[in-house]
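Chemist: Starting off with a structure, shown below.
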Amino acid sequence: MKSRPQYAVLFTSEHGGNRIPRKYAARFVDHQELLQTHRGWDPGTLQTATYFHQQVPSQLFASQVSRLVIDLNRSETHPSLFSKLVPPPSESHRSELLQTYYRPWRREVLESLSSEVRSKRFVWHVSFHSFTPVLDGVVRTAEIGLLYDPGRRPEREFCHHWRIKLRERFPEFRVRMNYPYRGIADGHTTALRKQFTARQYAGIELEVNQQLFQQPAKQVKQLISGLYESWNLALQQATGAM
């Protein structure tokens, strides 16, 4: 009988869909095209997160409400919590959105993570994101980005191993560290690092160029399986399972 592993796996997809709750539909009547862009969601992330979750014992928390409604990957005080690209919610709706979508989701993730930590299990967290190939006229020069806190050794070393495995699996890909964003910028993993030490928690953001999800279905499946295989090999190495 196998012993229970001394670590837990957590997956989140903060921008997994572009659904607009009916109550707030009026704010988006003139913004249907915007909802289909990277401003409205992170294409490919829910599919990828779900695949990872199906392969390994884990917890998955995924939201399909558009980030244009409220951004689950921003702190409550961040100016981009509510997008400036659509009419701002009223003060009552702002409070309602926090109470209905944001706080319960964040709290559920935190409680799951806290439970594992109380059980003396280290938590490996992957937050799934995808990025637009061109932003404000600037071409992004990577296929894969791994975001982490360089000051936390488990995250730094894990991303080093994952990058090696990614390059072995996808030699044609440019895999960059803390790109196209900084791993310590405002975000869900950053918030969780404030709650848990580097001896309890490692939070990694996987960023995938959205062009890769625009390929034929067969190639997308190969992409996702390759992402998982490389991550799993890195996890085995990090946890001494190899």
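Chemist: Within segment 181-204, is even one residue open to solvent by 10 Å² or more (accessible area, probe 1.4 Å), among the charged types (D, E, K, R) and touching a helix residue (DSSP H, G or I) at 6+ places or on another chain (Cβ under 6 Å)?
Modeler: For segment 181-204, residues open to solvent by 10 Å² or more (accessible area, probe 1.4 Å), among the charged types (D, E, K, R) and touching a helix residue (DSSP H, G or I) at 6+ places or on another chain (Cβ under 6 Å): absent.
Chemist: Further, regarding this structure: Which of (1) out of contact with any strand residue (DSSP E or B) (no Cβ under 7 Å at 6 or more places or on another chain); (2) more than 30 Å from L81 (Cβ to Cβ) does I184 not meet, given it meets every other one?
Modeler: (2)
Chemist: Can you name the residue in segment 5-27 that is within 14 Å of S63 (Cβ to Cβ) and over 17 Å from the mean Cα position of the chain (by Cα) and is also least open to solvent (accessible area, probe 1.4 Å) among such residues?
Modeler: Residues of segment 5-27 that are within 14 Å of S63 (Cβ to Cβ), as a first pass: 11-21.
Within this subset, residues satisfying the condition of being over 17 Å from the mean Cα position of the chain (by Cα) are 19-21.
On the way: R19: 122, I20: 39, P21: 8 Å².
For segment 5-27, the residue satisfying everything is P21.
Chemist: Only one of (1) in a loop (DSSP other than H, G, I, E, B); (2) charged (D, E, K, R); (3) closer than 23 Å to D136 by Cβ; (4) open to solvent by 20 Å² or more (accessible area, probe 1.4 Å) is not met by E76, so which one is it?
Modeler: Failed condition: (3).
Chemist: Only one of these is acidic (D, E) and more than 16 Å from A191 (Cα to Cα): E116, E76, E108, E14. Name it.
Modeler: Matching residue, one of E116, E76, E108, E14: E116.
Chemist: Across segment 101-128, what is the number of residues that are part of a helix (DSSP H, G or I), in contact with a helix residue (DSSP H, G or I) (Cβ under 9 Å, 6 or more places away or on another chain) and β-branched (V, I, T)?
Modeler: Residues in segment 101-128 being part of a helix (DSSP H, G or I), in contact with a helix residue (DSSP H, G or I) (Cβ under 9 Å, 6 or more places away or on another chain) and β-branched (V, I, T): 1 in total.
Chemist: Further question on the same structure: Can you tell me which residues in segment 90-119 are of a type in the set (D, E, K, R) and within 30 Å of A198 (Cα to Cα)?
Modeler: R103, R106, R107, E108, E111, E116, R118, listed by residue number.
Chemist: Could you please give the count of residues in segment 88-111 that are surrounded by fewer than 12 Cβ atoms within 10 Å (Cβ to Cβ) and over 21 Å from the mean Cα position of the chain (by Cα)?
Modeler: Within segment 88-111, residues that are surrounded by fewer than 12 Cβ atoms within 10 Å (Cβ to Cβ) and over 21 Å from the mean Cα position of the chain (by Cα) number 6.
Chemist: Let me ask something else about it. Identify the single condition in (1) in contact (Cβ under 8 Å) with a residue 40 or more places away in the chain; (2) surrounded by fewer than 19 Cβ atoms within 10 Å (Cβ to Cβ); (3) of a type in the set (D, E) that D42 does not satisfy, given that it satisfies every other one.
Modeler: (2)
Chemist: Sticking with this structure for a sec: Do we have any residue at all in segment 28-36 that's farther than 30 Å from L235 by Cα, touching a Phe, Trp or Tyr at 6+ places or on another chain (Cβ under 6 Å) and either acidic (D, E) or surrounded by 15 or more Cβ atoms within 10 Å (Cβ to Cβ) (or both)?
Modeler: No: zero hits.
Chemist: Ok, one more. For segment 153-242, list the helices (runs of 4 or more DSSP H) that sit wholly inside it and hold at least 3 residues that are within 24 Å of E76 (Cα to Cα); which are they?
Modeler: 188-193
Chemist: Hey, does segment 51-61 have a residue that's part of a loop (DSSP other than H, G, I, E, B), open to solvent by less than 60 Å² (accessible area, probe 1.4 Å), touching a residue at least 60 places away in the same chain (Cβ under 8 Å) and under 23 Å from R182 (Cβ atoms)?
Modeler: So far as segment 51-61 goes, no, none of its residues is part of a loop (DSSP other than H, G, I, E, B), open to solvent by less than 60 Å² (accessible area, probe 1.4 Å), touching a residue at least 60 places away in the same chain (Cβ under 8 Å) and under 23 Å from R182 (Cβ atoms).
Chemist: Any residue in segment 214-242 that's under 29 Å from R153 (Cβ atoms): show its pairings with residues that are of a type in the set (K, R) at Cβ separation under 8 Å, as long as the two are six or more apart or on different chains.
Modeler: Correct list of pairs: G226/R169; E229/K165; E229/R169; S230/K165; S230/R169; W231/K165; L233/K165; A234/K165.
The values are calculated or read from the model by the stated rules, or taken from the named source; none is laboratory data. The structure displayed is predicted, hence computed values, not measured ones. So basically every Cβ, Gly included, is an ideal-geometry build from the backbone, and we count neighbours across all protein chains shown. Protein only, heavy atoms only, side chains kept; ligands, DNA and RNA dropped before computing areas. Shrake-Rupley method; radii C 1.70, N 1.55, O 1.52, S 1.80 Å.
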